[in-house]
Each structure stands twice: as structure tokens, then as C-alpha cells.
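The values are calculated or read from the model by the stated rules, or taken from the named source; none is laboratory data. The structure displayed is predicted, hence computed values, not measured ones. Here the Cβ is made from the backbone with ideal geometry for all residues, glycine too, and neighbour counts use every protein chain on show. Ligands, DNA and RNA are stripped out before the accessible areas are found, and what is left, the full protein with its side chains, is counted by its heavy atoms. Shrake-Rupley method; radii C 1.70, N 1.55, O 1.52, S 1.80 Å.
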Amino acid sequence: VEVSGIDLLRVVSNSREVRENCDCSNEEILSSKINESAFSDNVRVYLKDRTNVNKNIKDTALDENEKPKIFFYNNGITITCEKIDYQGSRNTVVILKDLQIVNGGQTVHALRDAFEEKQVGFDKITLLCKIFETNDHDFKTKIAEYTNSQNPVNDRDIRSIDSIQIKLEKDFMLLDFWYARKKFQHEDVDKIKRIDAEKLGQALMAFELEMPAEAKNKKSLIFGEKYDLLFNNKLIAKNA
């Protein structure tokens, strides 16, 4: 489907009133924030202007002549949801239950940054959206993995939505620690309370596998061929 940029920002709002109001104003969208849980199944947190791709998306959205062409420039948004409800007609309202943006998180956040700077002409922005109805977690993980191509996806990105990583994040939270399974995740938390997945993997490789040199110089092994030895059901947060 072709979806307006404003509607995309609306459906990821942390305000239920905004999400459910197709006619809400720009001011109402701006008064709310992005609901980051809509990106839980995405392999990355927002990289902001750290990549040229994200900076270009924002710059294009602010350019009067270029913003109508975003539909053609962008790879689009991939959404999964548990249920799609709609009546087949032109300009119909589509209701998505428990939506997840598994590809396009960088685009949506960059558009939000642009929208906060300038709302005039934003209604000219539309994007292609693919929407999949599925309750199959493994299938959603594959969709997230295979559709992420605008910014290179490395092994850590892919492993970040593995069930073991998600469980570790929840378990560490019970211990009052924030586990960053995604790169740059929880950057607003004090470093003392933040545990980086790669650094945990280095420690496990050095002590559990007795490979300190590799832990320092071959970090790609952590989320690559040594991953199952380091991160498995035997790993318990309080013992890590």
C-alpha cells in the first residue's frame, strides 16, 4: 500500500488517541512521542545522523522539491502484525493489531526528526508499505533479517532479536541493569547500569571459552561461529 508519511508517524505514536484518530492534527502528533515498542522486532535502534542514509532521508524530507520523490527513492517500510482488519474500498481505514515495523525504522525516525523541524508540505510525502499478517515469530525474524538492506546488517544486528538476547534483556532488567542487545541501545542510561551485548560476549569468550586473545582481536566470532557456545539457555543473567 502507499501510506502518507504523516500517517506513519501517527500509527507509531505513544498516544492511543493519536494512533486511532485518522484526522488528528500535526500539533497532536508533535505533542506525542514515538512508541519505541513498535520497533521491538527491528534489528536496530535508531542510528540518528550517524549514517549518511539517515541524514539523506531527513534532508530529502525537508527539501520542497525532493520530498514528493521519497516514495521512489526509499525502499519502503515493512510491517508485521497479528491481524489486519479492513473493508475493501478506496481510501479505506486499515486497522493493524500489534504492529511491528521490522524494516524501515531508520526511515520513520528520520521522518519524525524532519517533521519536528518543518511540517509544511509534509503531506506530500508517501512511502510504500508491505504489511504481513502473521503470529509466527521465526517468520517475522526472517522478514526482519532479509528486508534490512539500506544500512548494512551485521551478525550482531541479526542476533539482537534472537530469543536468548530478548530473555537476557528482561532478566537483567529484573536485576536493575539495562542490557543493550542492539548497538547504541539504552544510551540514555548511566554506563554503570548498562551492559553491552558485545562486551558480555567478550567476557564470556575470554573466561568461559578461555580465548582472551580472540575475545579482543576477533570479536566477529562472538555473534558468528561461537554464538551458540556463548549465548544459550544455560546462560543466566545473574551468573553472567
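Once the Cβ-Cβ distance between Asp63 and Asn26 is put in as r, and R0 is 25 Å, what FRET efficiency do you end up with, to the nearest 0.05?
Efficiency, rounded to the nearest 0.05: 0.85.
Sort 110-122, 3-15 for me by packing, meaning the mean count of neighbouring Cβ atoms within 10 Å per residue, highest on top.
So the order, starting with the most tightly packed, is 3-15, 110-122.
So which lysines pass the test for Lys216, namely a Cα distance under 16 Å, with those fewer than 8 places away in the same chain ruled out?
In chain and number order, the partners are Lys199, Lys226.
Averaged over every viewing direction, what's the projected area of the C-alpha convex hull for region 173-235? Give it in nm², one decimal, please.
That works out to 4.7 nm².
Hey, can you rank 97-108, 34-45, 137-148 by average C-beta count inside 10 Å, highest first?
In descending order of packing, they fall as 97-108, 34-45, 137-148.
Tell me, what % of the accessible area of the chain is carbon and sulfur with a 1.4 angstrom probe?
Here carbon and sulfur together make up 48 percent of the probe-accessible area.
Let me understand region 7-117 better: what is its radius of gyration from the alpha carbons, and its Dmax, in angstrom?
14.2, 41
Just to check I understand the Karplus step: with θ = phi - 60° and J = 6.51 cos²θ - 1.76 cosθ + 1.60, what whole-Hz values come out for region 7-18, glycine and proline as x?
5, 4, 5, 5, 6, 9, 5, 7, 9, 5, 4, 5
Name the shape class, rounded, prolate or oblate, that the alpha-carbon gyration tensor gives for region 69-155, where a ≥ b ≥ c are the square roots of its eigenvalues, rounded holds for a/c under 1.5, and otherwise prolate holds if a/b is larger than b/c and oblate otherwise.
oblate
Under 4 °C and 1.567 mPa s, how fast does region 97-136 diffuse according to Stokes-Einstein, given a Kirkwood radius computed over C-alpha pairs? Answer in µm²/s, whole number.
Diffusion coefficient, whole number: 107 µm²/s.
Considering the options Ser32, Ile125, His137, tell which one lies farthest towards the positive end of the dipole of the chain, charges being +1 on Lys and Arg and -1 on Asp and Glu at the Cβ, about the Cα centre.
In the chain, that residue is His137.
About its Cα centre, how strong a charge dipole does region 103-240 have in debye, to the nearest 20, once Lys and Arg get +1 and Asp and Glu get -1 at the Cβ?
For this selection, approximately 160 debye.
In this model, which of Lys97/Lys238; Lys58/Lys140; Lys140/Lys183; Lys191/Lys238 are farther than 25 Å apart at the alpha-carbon?
Long pairs (Cα-Cα over 25 Å): Lys97/Lys238; Lys58/Lys140.
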